[in-house]
There are 2 protein chains.
Amino acid sequence: MSKKAIVLLSGGVDSATTLYLAKKRGFECHCLIFDYNQRHKKELECARRIAETAKCEYEIMKINFPWNASSLLNKDAQIPKGRFREGMNKDIPSTYVPARNTIFVSLAAGWAEAIGADRVFIGANAVDYSGYPDCRPGYLDTFNRLLKEGTKRGVSGESFKVEAPLIDKSKSEIITMGMRMKVPYELTWSCYEGGEYPCMKCDSCMIRAKGFRRAGADDPILKVGYATA
Amino acid sequence: MSKKAIVLLSGGVDSATTLYLAKKRGFECHCLIFDYNQRHKKELECARRIAETAKCEYEIMKINFPWNASSLLNKDAQIPKGRFREGMNKDIPSTYVPARNTIFVSLAAGWAEAIGADRVFIGANAVDYSGYPDCRPGYLDTFNRLLKEGTKRGVSGESFKVEAPLIDKSKSEIITMGMRMKVPYELTWSCYEGGEYPCMKCDSCMIRAKGFRRAGADDPILKVGYATA
């Protein structure tokens, strides 16, 4: 019987690559996709298509946060543009969603425990990232301690943890690795806005563009025009 | 301006007492109630009435877990009866819901951060309890470390934490304290079953009955017949 894993899938480059890495390592992957009233639904559709392409079971879980204190949740707020400067993102941007990864990993850990999965995989990355505190290695180590102390599987000494295999990789390393595994990047979406084409100015677009450029690759969503496909 | 807090409210004795304690300490309390397809809706109605009686804002958040691996979620499963023995509950019962407190506290922490609340209060108790791993002091300490490392408020050094003021109290101490604060115990519900009257045989009923007996008090839900009120 193969080992099971829950993979958090957002529809972006990192989580898609993480899914293919987990599959390559032999895990039977169950994808968890969150519909949390993010600004646009496009990334949900992308996540669904990535899971289907990878031939994995998936769940789209609806969460109605009773708050919208984030420019990713509040559709009237401005997304910061032209902000990203390499190695300079020490402040946390307005796109930060309070406790988001803590919430997502907790729910994934619950599902993992319920189906006897060993691992929760998350595409968190602390190199080419926007400065979110819940994307850093120390944070994930503490989360694993929490799982060891606060879940039935953890207490019983079974192997049960969160892994972020891309945590210390640059975006270009991630993309280079992903292209070798044939990750369908043409189905991924990174832009914080949900327009027909990526805005190319938000942090997420800027980090993605830099990644493809340094990997010496063309971004397939710019080539094929994903939005109209 | 008063300090704000999120209080997790389940409709039971411990969370109701925690709410009144937090109010007594001067917090402006916002109650978070979860509708997670638990076996019965009765505790939701109780939680709502407790929040209203305490004159606090509340949110009922719906969560559809994509699993039902718990006798609290699976309505066809048997709730263990006559199981509770004082100091003997070293095994985790089938009513354990995978990662439940981790999920609930995460969501409460997100709301807290969004509205600038200092505290999340939870009625967790590690004395008269069923043996759930996510109700112990070490677990909550680790959660606070996670909030310090993984949230914007934590990273910025602001006071932001989970507190379980009843963690080391016996059920009779909790009830004695609560009666002094006029906690409306007639509105609380503890039984894992949702019948008209408490079953008096599940862990939760047995712990409650022992608590009232040792506090030398009558349980008002047995006296006034809450269910028919």
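Just so you know, all these numbers are worked out from the coordinates, no wet-lab data involved. Predicted model, so just to flag it, every value in this text is computed and none were measured. Because the Cβ atoms are built from the backbone with ideal geometry, glycine has one as well, and the counts that use them run over all protein chains shown.
What GluC sites (Glu not before Pro) does the range B:136-224 have in DSSP loop regions with at most 10 other beta carbons within 10 Å?
Sites meeting the loop and neighbour criteria: B:196.
Report the Cα-based extents of the range B:108-229 along its three principal axes, largest first, to the nearest Å.
50, 28, 28
For Cα pairs less than 8 Å apart in space and 6+ apart in sequence, what is the mean separation divided by the residue count of chain B, i.e. the relative contact order in percent?
25 percent
How far, in nm to one decimal, is residue B:62 from itself in the other copies if the label point is set 7 angstrom along Cα toward Cβ? Shortest first, please.
0.5
Give or take rounding to whole Å, what are the principal axis extents of the alpha carbon atoms in chain A, in descending order?
48, 37, 31
Suppose the chain between residue A:197 and residue A:68 were pulled fully straight at 0.36 nm per residue; how much longer would it get relative to their current alpha carbon spacing?
Net length gain for the segment: 43.9 nm.
Assuming R0 = 56 Å, can you tell me the calculated FRET efficiency for the pair residue A:115 and residue A:85, based on Cβ-Cβ distance, to the nearest 0.05?
0.85
In square nanometres, what is one fourth of the surface area of the convex hull spanned by the alpha carbons of the range A:1-66?
Answer in nm², one decimal: 4.6.
Give the long-range amide H neighbours of residue B:61: residues separated by 5 or more places, or on another chain, with amide H under 5 Å away, using H modelled in the peptide plane at 1.01 Å from N.
HN-HN under 5 Å from residue B:61: B:33, B:34, B:35.
If we restrict to alpha carbons, what Rg and Dmax does the range B:130-198 come to, in Å?
16.7, 49
Can you sort A:50, A:63, B:207 by how many other beta carbons sit within 10 Å, fewest first?
By the 10 Å Cβ count, ascending, the order reads A:63, B:207, A:50.
What's the FRET efficiency of residue A:36 with residue B:53 using the Cβ-Cβ distance as r and R₀ = 25 Å, to the nearest 0.05?
0.20
³J(HN,Hα) across the range B:25-33 via Karplus (A = 6.51, B = -1.76, C = 1.60, θ = phi - 60°), whole Hz, x for Gly/Pro?
7, x, 7, 7, 9, 10, 8, 10, 10
Name the long-range amide H neighbours of residue A:197: under 5 Å, sequence gap of 5 or more, or other chain; modelled H, no Pro or chain starts.
none
Find out how many positive minus negative residues lie around residue A:66, taking Lys and Arg as positive, Asp and Glu as negative, among other residues whose Cβ is under 15 Å from that of residue A:66.
Residues near residue A:66 contribute +1 overall.
Starting from the alpha-carbon convex hull of the range B:63-168, give the projected area averaged over all orientations, in nm².
About 7.7 nm², averaged over all directions.
Placing the label point 7 Å from Cα along the Cα-to-Cβ direction, what are the distances from residue B:45 to the equivalent spots in the other copies, shortest first, in nm to one decimal?
So the distances to the same position in the other copies read 4.3 nm.
Just tell me how shielded A:134-142 is by partners: mean number of partner chain Cβ atoms within 10 Å of each residue's Cβ, no decimals.
4
What ³J(HN,Hα) values, in whole Hz, does the Karplus curve 6.51 cos²θ - 1.76 cosθ + 1.60 give for the range A:46-57 when θ = phi - 60°, with x put for Gly and Pro?
Karplus values, whole Hz, x for Gly and Pro: 4, 4, 4, 5, 5, 4, 5, 4, 7, 6, 10, 5.
Which residue is it, in chain B, whose C-beta lies closest to the B-to-A rotation axis, and what is that distance in whole Å?
B:106, 2
Between the range A:70-147 and the range B:35-66, how many Å separate their Cα centres?
Between the Cα centre of the range A:70-147 and that of the range B:35-66, the gap is 28 Å.
Residue by residue, what Karplus-based ³J(HN,Hα) values in Hz, rounded to whole numbers, does the range B:179-185 have, using 6.51, -1.76 and 1.60 with θ = phi - 60° and x for Gly and Pro?
These are the phi-based 3J(HN,Hα) values: 5, 4, 8, 6, 5, x, 5 Hz.
If you put a point 7 Å past Cα along the Cβ direction, how far is that point for residue B:75 from the same point in each other copy, in nm, smallest first?
Reported distances to equivalent positions: 3.4 nm.
Skipping prolines and chain starts, which residues have an amide H placed within reach, meaning under 5 Å, of the one on residue B:30, given they are 5 or more residues away or on another chain?
Under 5 Å from the amide H of residue B:30 lie the amide H atoms of B:5, B:6, B:7, each far enough along the sequence or on another chain.
Give or take rounding to whole Å, what are the principal axis extents of the alpha carbon atoms in the protein assembly as shown, in descending order?
Projected onto the principal axes, the Cα atoms of the protein assembly as shown cover 76, 55, 35 Å.
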